[in-house]
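Chemist: Take this structure first; my questions come after.
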Amino acid sequence: MKNTKHIIFDLDGTLLDSKRCFEASLVEAYGRDSEVCYQCFGLSETHILQKLGIPTEQRKSFVEKWHQCALGQPCYLFDGVESMLQQLKARNYQLAVISSRSAQSLVWTLDKMGILHYFNNVYGEELASQPKPSPLPMLEYMQKHGVGANDLFYVGDLPTDMQCAVGAGVGFAFAGWNKSVQPTSGSLCFHSTTQLVEHMDALLLDLGEGGFAQKLAKGMDYFQQKVALLNKLNYFPVPDDDTGSNMAHTLQTALFAHAQNPNSTFGNALLASARGNSGMILASAICGFLQEIDHSHSVGSALHAMCNQAYKAVLHPREGTMLTFFRQLANGFCNDMVANVGSFQQLMKSALLSTQTELTGGRIDSGALGVFFLVEALLGLTVEVEIDTNFYNQPMQLEFCYCTELTLKPNKGFDADGFVQEILPLGNSINRVFVGDVFKLHIHTNTPCQVFRLASKHGNLLYTKIDNMELENQPTSEFASICVLDFAQGHEVFPHLATEYVTSHNLNACLAEKVQRLNCPTLVFCPHGLSISLPNGAFLVRTNGIVSALCGLLVAVEASSVETACCNSQIACDCVEECSQNYTLAVCGKQHVLDQGVARFNVETNKIFGGRVKQ
């Protein structure tokens with residue numbers, strides 16, 4: 001049905017509310033109020049004449065008299081029919097009528113009702129040797145126009161219409177705007193003419209589960225070209241230069257996961273792949289869109305569902321962000337925009353510009369711009385909009401430094417809202433969503449391991465991630481470092497130290513992802529006894545504990561190459577033993593003082609408290 005080019009209608013009971021007119025005019029032409037006249041609606045003209053016993057030589061004159069009688073009877077189009085035909089015509093569908101009437105009667109009636117000009121073709125009972133419910137009328141139409149069953153869609157009011165379509169392999173729906181229609185169980189039924197247009201729009205745009213993924217795959221190259229710009233424009237909630245990267249990762253990873261398991265829903269693949277604040281909101285929004293458009297086949301309803309899910313994903317929604325873009329798009333959309341692309345492009349532009357608020361310092365929100373580019377990629381559109389990049393790349397002033405994510409398989413009876421209240425004092429930018437029966441959380445915090453420990457009380461942690469946002473927009477170093485933490489043992493991050501982190505939970509997968517993102521030679525500080533699979537480009541430094549790791553990290557920053565850093569750090573780590581008192585580290589000729597006023601380690605709990613390490 002998504003390839004539909006021809007929409008075919010029955011006439012009586014579908015486009016035309018003609019049953020009373022039909023019966024009254026037939027009774028008048030027949031000359032008596034016979035029960036048989038009320039059994040003829042929906043039958044072919046030939047069948048009606050036979051049923052009434054009209055002699056062959058009198059049939060022509062009887063039909064003419066019948067038509068004259070019909071002129072005096074009131075007959076109406078169903079509500080919304082002409083508007084529906086206008087909208088379908090504007091979308092370049094080929095419109096046709098296939099009816100059991102004679103072609104002459106059809107043309108006369110359509111012309112009388114003022115809708116003949118909408119139809120490319122009109123066929124009566126002469127089209128095929130057998131009338132409906134035989135599939136021959138549909139098959140003859142396909143042969144005449146050189147089209148297949150997938151190119152056609154038929155709308156009627158009677159089971160005989162459905163049998164004709166189904167027998168030819170053609171999609172069918174009942175015209176439920178005729179309130180006397182009784183659709184068969186499980187059949188498609190449009191309860192309004194608007195619903196039919198919305199359904200055809202959904203098929204035309206092909207943005208359901210399968211179509212969305214296919215269009216996204218084709219448009220990803222375009223979106224990837226915009227990633228650097230989106231990262232540069234990243235300002236809210238923190239200017240950490242990763243909005244584009246997170247959105248692209250979310251989309252690309254979901255495409256890969258869906259390709260590996262095509263039986264899974266693409267919406268769930270997106271939610272499972274979501275990374276970062278923008279990725280979580282984007283995945284939630286798209287999931288809402290896909291669920292609704294596959295349910296209602298209404299683009300307008302799907303846009304509202306997209307908006308609602310985006311707002312629900314954010315604990316404290318803020319206007320002037322990508323949320324505003326979703327809301328403006330949903331509220332401003334109308335069905336005519338499917339045919340009038342220019343008006344939809346204007347809506348996209350105005351929705352984007354509406355994110356220039358005090359929250360973003362008068363800038364266009366980078367997340368909203370990412371959605372804007374995604375819509376362009378999906379629909380193959382180009383919308384001209386001027387973007388000022390001169391006042392971006394502001395210095396970072398972060399209240400919370402670590403972008404932290406987790407995926408939790410919760411225990412039975414898990415209270416997601418209650419858990420969010422537990423971690424609320426630990427950070428901001430909290431997004432949460434369920435992926436099936438799995439809970440996913442995003443938070444900006446200074447104590448990511450404490451978040452993980454609290455989460456682990458409510459179920460099994462499946463995935464953890466810590467990104468040091470202070471490093472996100474710093475110049476690329478010749479090499480980077482990653483420290484492995486065991487939050488179950490009370491480990492915590494080193495505040496303000498230039499390193500990235502992974503936890504011992506799901507270590508190898510998280511480590512491989514982190515090294516790939518850093519895209520440079522990387523030192524990995526990992527405790528002895530912990531099994532590790534080292535990715536390409538990574539150098540292993542074994543530590544004796546949390547203090548040993550800190551010593552190795554401090555040595556590493558003094559080295560000029562990753563090889564030297566690896567060698568010197570390992571020597572330093574091997575020389576450090578954990579102790580329970582305050583101490584001074586002498587590293588590379590410099591003293592690194594750790595005391596209660598600066599940073600203090602409690603080795604009994606393997607935890608670092610407060611402040612930053614000074615040299």
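Chemist: Return yes when Ala305 is surrounded by 17 or more Cβ atoms within 10 Å (Cβ to Cβ), touching an Asp or Glu at 6+ places or on another chain (Cβ under 6 Å) and assigned to a helix (DSSP H, G or I) and no when it is not.
Modeler: yes
Chemist: So, one more: Return the total of residues in region 109-161 being in a helix (DSSP H, G or I), closer than 22 Å to Thr46 by Cα, open to solvent by 40 Å² or more (accessible area, probe 1.4 Å) and not charged (D, E, K, R).
Modeler: 4
Chemist: Looking at this structure, is Ser548 loosely packed, with under 15 Cβ neighbours inside 10 Å and out of contact with any Phe, Trp or Tyr (no Cβ under 8 Å at 6 or more places or on another chain)?
Modeler: no
Chemist: Ok, one more. From the set of residues in region 288-339 that are under 14 Å from the mean Cα position of the chain (by Cα) and of a type in the set (S, T, N, Q), which is farthest from Gly427 (Cα to Cα)?
Modeler: Out of the qualifying residues, it is Ser301.
Chemist: Checking the conditions here, which among Ala96, Ala165 is closer than 24 Å to Leu203 by Cβ, assigned to a helix (DSSP H, G or I), among the aliphatic types (A, V, I, L, M) and at pLDDT 95 or above?
Modeler: Ala165
Chemist: Oh, and also: Looking at Glu470, is it part of a helix (DSSP H, G or I), charged (D, E, K, R), at pLDDT below 90 and open to solvent by 10 Å² or more (accessible area, probe 1.4 Å)?
Modeler: yes
Chemist: Checking Gly186 against (1) open to solvent by 30 Å² or more (accessible area, probe 1.4 Å); (2) assigned to a strand (DSSP E or B); (3) of a type outside the set (Lys, Arg): exactly one of these is not met. Which one?
Modeler: Of the numbered conditions (1) open to solvent by 30 Å² or more (accessible area, probe 1.4 Å); (2) assigned to a strand (DSSP E or B); (3) of a type outside the set (Lys, Arg), the odd one out for Gly186 is (2).
Chemist: Are there any pairs with C-beta distances below 8 angstrom linking a residue in region 330-356 that is farther than 27 Å from Leu88 by Cα to a residue that is among the basic types (Lys, Arg), with the two at least 6 apart or on different chains, and if so which?
Modeler: Gln356/Arg363
Chemist: Here's another thing I want to ask about it. So is Ala254 open to solvent by 10 Å² or more (accessible area, probe 1.4 Å) and either among the charged types (D, E, K, R) or part of a helix (DSSP H, G or I) (or both) or not?
Modeler: Judged against the criteria, Ala254 is not a match.
Chemist: If you scan region 188-220, which residues turn out to be of a type outside the set (Val, Ile, Thr) and touching a Gly at 6+ places or on another chain (Cβ under 6 Å)?
Modeler: Of everything in region 188-220, those that are of a type outside the set (Val, Ile, Thr) and touching a Gly at 6+ places or on another chain (Cβ under 6 Å) turn out to be Cys189, Phe190, His191.
The values are calculated or read from the model by the stated rules, or taken from the named source; none is laboratory data. Quantities reported herein were computed from a predicted structural model and do not represent experimental measurements. All Cβ positions, glycine included, derive from the backbone under ideal geometry; neighbour counts span all protein chains shown. Each accessible area value is taken on the protein alone, full model and side chains, heavy atoms only, with ligands, DNA and RNA left out. Shrake-Rupley method; radii C 1.70, N 1.55, O 1.52, S 1.80 Å.
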